[in-house]
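As structure tokens, the structure follows; a few thoughts come after it.
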Amino acid sequence: EAAAADAAPGVEGGGGAGEEGGDGGRGDSPAGVQIIGSGGSCGSRATALQPEVRTATLEDGHLRALGSESDSSANEHWLFHGSTPTAVQNITNTEFQIDLAGSHRGTLYGRGVYLAECCSKADEYAEVGENGLFGMLLCRSLLGRILVNKERQPDVTELVQRCQSGEYDSVCGDRWTAVGTFREFVLYDQTQVYPAYIIFYRRIGLEQLMTTIKEAESWNDTSAVVRYLFYVARIAENHPNPVIRSIIPMAMRTHVKKAWPAVIECLTDAKTSVRRIATVVLGMSGIDSETNISCVLQRCEDEEPSVRAAAVTALRQFGYGIAARAVPRLERMLGDGGDEARQAAVKTLAFYADEDDAARSALISHLDDAAVRLHIVSCLGSLGSRAAPAVPLLARALSDAAGDIRLAAAKTLFSLGTRAVPALVELIRACDDERADVRKAAIEAASDLGPTHAVQALSAFVDRLEDEAPDVRRAAAEALGRLGRKAAAAALPALMARVHDASPEVRVASLNALASMGSAATAALPSVIFCLQDTRQQVVEASQAALDVIGRGSGGSRSRASSSSGGGVAKCGSGSLDKKKENKDKNKQAKTKEKKTNETKDKKGDKDKKDKKGKNDKKENKDRGHSRSRSRDKSHKASASSPSKAAGAAEAAAEALVERRRCKVGLVSPPPSPHVGSLLRRMSL
């Protein structure tokens, strides 16, 4: 009770998980749920946790009968905790021990009590006991003021400190957003969680579940079949794996044959949850009989928005053949009082819009409706060229007061390609939007209009190279790369500066943009060469490719480079290579001549052949010894008399190595400055 009274963060007069982020009991504390890692900002606030805690969405009398109603003022919820059967028994006998956190699994968000809204998440931590049963706890949990973290690698120290200081009461680790799995709720005070019940259970797979349904149907146990179908439908709705979500309806259609009339009867049940899930099941059946279609269309007029939303979603399962009957109802629902139903109607209209002109017209005609504008703008992107008539309205949406609508409009215009040319002026203006993601999307859409039109946005692209957001700078560099030589005069200095950017992705994009300009980017060679010593392999590869393209495009050659005024490196290296090749040829000729001489001597008379051969071998060895001695003496004398010659030879070897390095990366023109030549020599040495 003390913990509940101290937390008190819920919305005044609220009730349920969807309102846990409201203004709290601490008067000077900001309202809402704190979100970390949600894209652009690192500390945005929302009015509620989205989506709401799953266990709070269950209209289940059994769950409510387990205890008193949850205290919404303290954000109290039923949550699951999985562990070993022995551990769950020990926890209920004593309490959660924070100092033992992590002994069973890791502690991604620090030492605390880890809870899940989905039992399938808690099941990941459960282990089987000797009796073949698994165990998990059903806990009453006070979440209080929630700190939502959407980062892949959270800052544990910050999270724990902000909760233990009293600023927040719990952490929601949103792995749903970060990696597509589940959300976890972490409490750092064991007095905020009470282990109320132990659940013992067995695991069964989808195939086993479908076999159970089939057996129940063979026994004519219709009520059991319907109950199983409802469970399966909930799994298909909420499972994070899209493959599982698609497999379940197919398995349902395969194994269930006779239970559909009983499902249809549930469509008129007094309970909203029963009508909704029955509608979902009927849609998953995919059986496009007239009875099924008529029943689902009737549920589109249900008094509850959640049932209407389920019915609208179910219509897609029956294909395009019912578009003429469904579109008028869907258009009326765009003015529905429930946001869930309106959003579902937009998605279903977008589904039919692939084939039906009336559905497309209905979507475009409601773009001025603020209640559904965001949903429509987002869905129009999936229509491709068929959304071209909406370009003027999408251009106007780029200046909408809502940032999400501006972002969706820019992305949809990008999907239209060159058909979005009428929105070019608005796209250029959006390149200066206050939101980084909108600026990035606007740059991508403008650059995709083709060089003829995108060149009008050249100055905007160049300005965005200095943007504070790395993604925007990279998008600007890529846009300039698409323009190629047309952007060289205006963009070259800025791109030369960006090859030293702190972000490796921006450096790579800038090098690729310089490469697209060919010989027009010759002045950028010193900057490109400098990137050869970058610590990132992708940057080195991009600089090598840029050197190859820029050098080849400049029309230079190794022979001209050797005779040019600034080509000391290339000239010295080339001469050293030629001299080395000449010496190699002379040695080869001498060995060939010596071999022929020996063969001639061996062909003399048979009688004294062995004796003469022995004498010749002895003489030859003696001559070789004298020759080596004379060569050694000459080398020592030359080295002692002129040490500068030895240094010159070493320098020539170094220059030859530089020449090979320059040829390898494609630099066929001489270095533009002595500083670059010196840099190359140091790199090679």
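The values are calculated or read from the model by the stated rules, or taken from the named source; none is laboratory data. This one's a predicted model, so the numbers in the text were calculated from it and none came from an experiment. These area figures cover heavy atoms from the full protein model, side chains too; ligands, DNA and RNA do not enter into them. Shrake-Rupley method; radii C 1.70, N 1.55, O 1.52, S 1.80 Å.
Can you list residues whose amide H is under 5 Å from Ser170's amide H, if they're 5+ apart or on another chain and H is modeled 1.01 Å from N?
Arg145, Leu147
Taking only protein heavy atoms and a 1.4 Å probe, what accessible area per residue, in Å², does the stretch 229-296 have with all protein chains in place?
46
One quarter of the convex hull surface, Cα atoms only: what value does that give for the stretch 218-377 in nm²?
Over all viewing directions, the stretch 218-377 projects a mean Cα-hull area of 9.4 nm².
Quick one: pull the percent of accessible area on the stretch 281-353 belonging to carbon and sulfur, 1.4 Å probe, ligands and nucleic acids left out. Walk me through the numbers on the way to the answer.
Details: 1250 of 2780 Å².
After summing per-atom areas, the C and S share lands at 45 percent.
For the stretch 171-262, calculate the relative contact order in percent as a whole number, restricting contacts to Cα pairs under 8 Å that are 6 or more residues apart.
Relative contact order of the stretch 171-262: 24 percent.
Give me the percent relative contact order of the stretch 227-340, please, defined on Cα pairs under 8 angstrom at least 6 residues apart.
Value for the stretch 227-340: 21 percent.
Kindly provide log₁₀ I(q)/I(0) values, in the same order as q = 0.15, 0.18, 0.25 Å⁻¹, from the Debye equation applied to equal alpha-carbon scatterers of the stretch 450-537.
Result of the Debye calculation: -0.46, -0.67, -1.26.
Out of the total accessible area of the stretch 423-497 (probe 1.4 Å, heavy atoms of protein only), what percent is carbon and sulfur?
49
With a 1.4 Å probe and all protein chains left in place, how much accessible area per residue does the stretch 108-210 have, in Å²?
That works out to 44 Å² per residue.
Taking the alpha carbon gyration tensor of the stretch 167-222, what are the square roots of 5 times its eigenvalues, largest first, to the nearest whole Å?
For the stretch 167-222, the ellipsoid semi-axes come out as 38, 18, 9 Å.
Once phi is turned into θ = phi - 60°, what whole-Hz ³J(HN,Hα) does the Karplus curve with 6.51, -1.76 and 1.60 give for every residue of the stretch 276-282, x standing for Gly and Pro?
Per residue, the Karplus-derived 3J(HN,Hα) values read 5, 5, 5, 5, 4, 4, 5 Hz.
Distances longer than 27 Å among the Cα atoms of the stretch 308-451: what percent of all pairs is that?
Counting pairs separated by more than 27 Å, the tail of P(r) holds 22 percent.
Running Debye on the stretch 143-287 with equal point scatterers at the Cα sites and no solvent, what base-10 log of I(q)/I(0) appears at q = 0.09, 0.15, 0.20 Å⁻¹?
The Cα Debye sum returns log10 ratios of -0.45, -0.87, -1.11.
Compute the relative contact order of the stretch 104-182 as a whole-number percentage, counting only Cα pairs closer than 8 Å that sit 6 or more residues apart in sequence.
This gives 31 percent for the stretch 104-182.
Once phi is turned into θ = phi - 60°, what whole-Hz ³J(HN,Hα) does the Karplus curve with 6.51, -1.76 and 1.60 give for every residue of the stretch 222-227, x standing for Gly and Pro?
Computed from phi, the couplings for the stretch 222-227 are 4, 4, 5, 4, 4, 4 Hz.
Take the stretch 373-503, drop everything but the C-alpha atoms, weight them equally and run the Debye formula without solvent; then report log10 I(q)/I(0) at 0.15, 0.16, 0.19, 0.21 Å⁻¹ to two decimals.
-0.63, -0.71, -0.96, -1.12
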